[in-house]
Ligand code: SAM
């Protein structure tokens, strides 16, 4: 099962930090890739540094048109989940989302184009109050994977955290420094 994310639109500069956090959540919560439009290219560098330090192969791809990706992924058999506060409440939608299915999760920035509501297989609200694309993505990814994403190993990094009750315990791979 592949999970990928596409971020539609962004307010230049103002949204850089939010978009970076959407990408960080996608990576840490088990997605393999994020597609983005109109963003600061430094976001890709940031995620590459995170991969190099903490492992894994999370990918960032810049795209011109979100619609092309959504169409291509639909044709490749992915189901499209659009996160919107207007959608079916996650507590109901969760039962309908097919298990072991490749998924493309669409998150917006400001107002999203009307067409995405039609193109999506599922329009899902993480509750039906406005909050944030970062929190919405995190909760969706957790609900659809039931926490399994936190068992995943991020291989090949320079550092690996050994979870500990107090303090910090980090293994450093000297061959990767
Ligand atoms: N009024 C905008 C709209 O058209 O949906 C809200 C924009 S909000 C700042 C940015 C993004 O956060 C939305 O496009 C959506 O992906 C996500 N979001 C915010 N609240 C949400 C909720 N309750 N459930 C699901 N996604 C949400």
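Structure summary
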item	result
Ranking of 119, 36 by count of other Cβ atoms within 10 Å, fewest first	119, 36
Folded to 0 to 90 degrees: helix 16-28 orientation relative to the chain principal axis, Cα	70
Computed over region 26-109, Cα set: Rg, Dmax in Å	14.4, 39
Viscosity 0.890 mPa s, temperature 25 °C, Stokes-Einstein D of the chain from Kirkwood C-alpha radius, µm²/s	145
Antiparallel content of DSSP bridges confined to region 3-172, in %, to 5	10
GNM result for the chain, Cα springs below 10 Å: residue of 167, 156, 125 fluctuating most strongly	167
Ordering of 23-31, 68-76 by burial proxy (mean other Cβ atoms within 10 Å per residue, highest first)	23-31, 68-76
Per-selection metrics, region 39-83 (Cα): Rg and Dmax in Å	13.5, 35
Between region 116-177 and region 25-82, the Cα center-to-center distance that results, in Å	14
Sorted by Cβ neighbour density within 10 Å, fewest at the top, the residues 151, 61, 165	165, 151, 61
Pairs of Cα atoms farther than 20 Å apart, region 74-171, %	47
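Read-outs: derived from the displayed coordinates by stated rules, not from any lab. Only a predicted model underlies this, so the values are computations on that prediction, with no experimental measurement involved. Quick reminder, even Gly has a Cβ in these numbers, built from the backbone with ideal geometry, and neighbours come from all protein chains shown.
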